[in-house]
Amino acid sequence: MKTLLDKNQLNITLQRLAHQLVENHLNFNNTAIIGIQPRGILLSDRIAELVKGITGKNSIDYGQLDITFYRDDVHQGGIHLPQDTNINFSIEGKDIILVDDVLHTGRTIRAAMDALLAEGRPNSIELMVLIDRRFSRQLPIQPDYVGRTIDTIITQKVKVNWQEKDGLDEVVLID
Amino acid sequence: MSLSVKHLLGIKELQTQDIELIFRTADTFKQVLQRQIKKVPALRDTTVANIFFENSTRTRISFELAEKRLSADTINFAASGSSVSKGETLIDTVNNILAMKVDMVVMRHSASGAPWFLANHIDASIINAGDGTNEHPTQALLDAFSIRERLGDIKGKRITIIGDIMHSRVALSNIFCLKKLGAEVMVAGPPTLIPKHIQDLGVKVEYDVKKALEWAEVANVLRIQLERQHKPLFSTLREYALYYGINKSMLDSLNKEMVIMHPGPINRGVEINSDVADSKNSIILDQVENGVAIRMAVIYLLSGKGDLGE
């Protein structure tokens, strides 16, 4: 097991990602952040808080998206249990930033785009990930905001741990 | 986590955690049904046969809608106008349908136990949509789901089932379901319509409907099933309505807010009056709405071929 980002590095990376978002979207008036269930929302929770701090806004449009029913492997090996989708605003015409922790094959993001489009027609969709496993892609999907790009082989696993859920902020590579 | 069963034949065979899993899954489908696009592509590779050997409006439409909202392909089969009238057996009928590559069968049958018989002979997953006077599991699930939605929880709640308990598969499935979820259950109605020894299922019995209403927080009023009564069990419908029918003045005299349910179809003016069925206490149409979400959850969870974990 190898540590890719420790607590401090992770914190700096999150700050940078949040600033990059604000750099591109300025006042967030027509922008919404949407985290992907289940583990993407731990990242998007943090990013949404940081963006609020940087922009000085009390609230921004922020939602959570469940993609279970849009997976392409819904019947392979077993049943995936759904989680809540909480999007309490219209995404119609909005600029959406999809947020997930690890970008691997790209299949999750494909499903997330389909799930999102079932909620309405956004103006644009961008993708933010904390870790990009760049040589593992199976679909033509690339992120717009990346915490760290890493080279891995398929048998390795990347785990992003969060204080709220796992008791510690860190990103590790498991062989 | 996944269901402990391959078929949904009866509530009796479900674990409490199965029921809770179905409810949690139905919660997410209810979110889907409130969107503009009320459809998900989850089961686009699944074909479901709806086989109804007995009449149905709500249940058949509800199942078909649930299947379509999941993007499953559906075929509908009604016994009238089919080869069943030429003498084809149940297994032959179903096997012929399955030979056309159907993954799941939703069946209603007038013979109690028919879905169990079928489950022993074919590979596809079977969902019981009502068998004779035995079980109607999806109705019980949607009833309990609707109570949970209105009252927050089922545990410890007092629920009375009123009317034709003897011929009601809804009553039996409801009793199993509510008991597993920790509710107190009382059946009420004329002695001729309450089976002997029903206390053995852990329910209270009351022959005075007024007393049952005073005790309960929720009343599930059942339809008088004249088509299943082969000998007279009460004198006239008017007499039944007089002694056992639920009306507004009776509810008003209780001085409390009750939740009123009915599985449909309603005999207005017999077991329940319009002034109750259409009142704000009634969740009859919520039951119908929740039926689609519950059936989507059941079909989705049974479509899996193993356990993936969380």
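Coordinate-derived values only; no laboratory data. Since the model is a prediction, treat every value here as computed from it, not as a measurement. In this analysis, Cβ positions are derived from the backbone assuming ideal geometry, glycine residues included, and neighbour counts consider all displayed protein chains.
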Spacing of the two label points (7 Å from each Cα toward its C-beta) at residue B:78 and residue B:36, in nm:
3.6 nm
In nm, to one decimal, how far is the modelled label at residue B:151 from the one at residue B:247, with both set 7 Å along Cα→Cβ?
2.7 nm
Within the stretch A:66-171, DSSP-loop GluC sites (Glu not before Pro) with at most 16 other C-beta atoms within 10 Å are A:92
Among B:65, B:181, B:226, whose mean-square fluctuation peaks in a Gaussian network model of chain B (Cα, cutoff 10 Å)?
B:226
Hey, with R₀ at 45 Å, roughly what FRET efficiency would residue B:226 and residue A:90 work out to, going by the Cβ-Cβ distance, to 0.05?
0.35
Pick from B:92, B:73, B:275: which residue has the top mean-square fluctuation in a GNM of chain B where Cα pairs under 10 Å get a spring?
B:92
For the stretch B:137-288, go through all pairs of different Cα atoms, get the mean of 1/r, take its inverse, and jot down that Kirkwood value in Å.
15.2 Å
How big is the gap, in Å, between the Cα center of the stretch B:248-277 and the Cα center of the stretch B:198-214?
17 Å
Checking the a/c ratio against 1.5 first, then a/b against b/c, what shape does the Cα gyration tensor give for chain A?
oblate
Note down the net charge around residue B:185, summing +1 for each Lys or Arg and -1 for each Asp or Glu among other residues with Cβ under 12 Å from its Cβ.
+1
Reach of residue B:38 by Cα under 16 Å, taken over lysines that are not fewer than 8 positions away in the same chain
B:30, B:68
Residue B:208 versus residue A:172: modelled label distance in nm, points set 7 Å from Cα along the beta carbon direction:
6.8 nm
Restricting to lysines and to Cα separations under 20 Å from residue A:57, and discarding same-chain partners fewer than 8 apart, the set is A:94
Proxy reagent accessibility, fewest Cβ within 10 Å first, across A:89, A:69
A:89, A:69
For A:128, B:250, B:186, order by how many other beta-carbon atoms lie within 10 Å, fewest first:
B:250, B:186, A:128
If you average 1/r across every pair of different Cα atoms in the stretch A:2-92 and take the reciprocal, what Kirkwood value do you get, in Å?
14.9 Å
Around residue B:12 (Cβ within 14 Å, Cβ-to-Cβ, excluding residue B:12; K/R +1, D/E -1) the net charge comes to -2
Inter-part gap, Cα centre of the stretch B:78-123 to Cα centre of the stretch B:1-33, in whole angstrom, is 24 Å
For the stretch B:45-75, which chymotrypsin sites (Phe, Trp or Tyr not before Pro) pass both filters: DSSP loop (anything but H, G, I, E, B) and at most 13 other C-beta atoms within 10 Å?
none
Counting lysine pairs in the stretch B:137-288 that sit 8 or more positions apart or on different chains, with Cα atoms under 19 Å apart, gives 21
Per q in 0.13, 0.14 1/Å, what log10 I(q)/I(0) does a Debye calculation on the alpha-carbon atoms of the protein assembly as shown return?
-1.15, -1.24
Sequence neighbours fewer than 8 away in the same chain don't count; with that in mind, list the lysines whose C-alpha is under 23 Å from residue A:2.
A:157, A:159, A:165
Net charge over other residues, Cβ less than 12 angstrom from the Cβ of residue A:54 (K, R count +1; D, E count -1):
+1
Using a Förster radius of 41 Å, what is the FRET efficiency between residue A:73 and residue B:158 based on their Cβ-Cβ separation? Nearest 0.05, please.
0.35
GNM of chain B, Cα pairs under 10 angstrom: of B:31, B:17, B:139, the biggest fluctuation goes to B:31
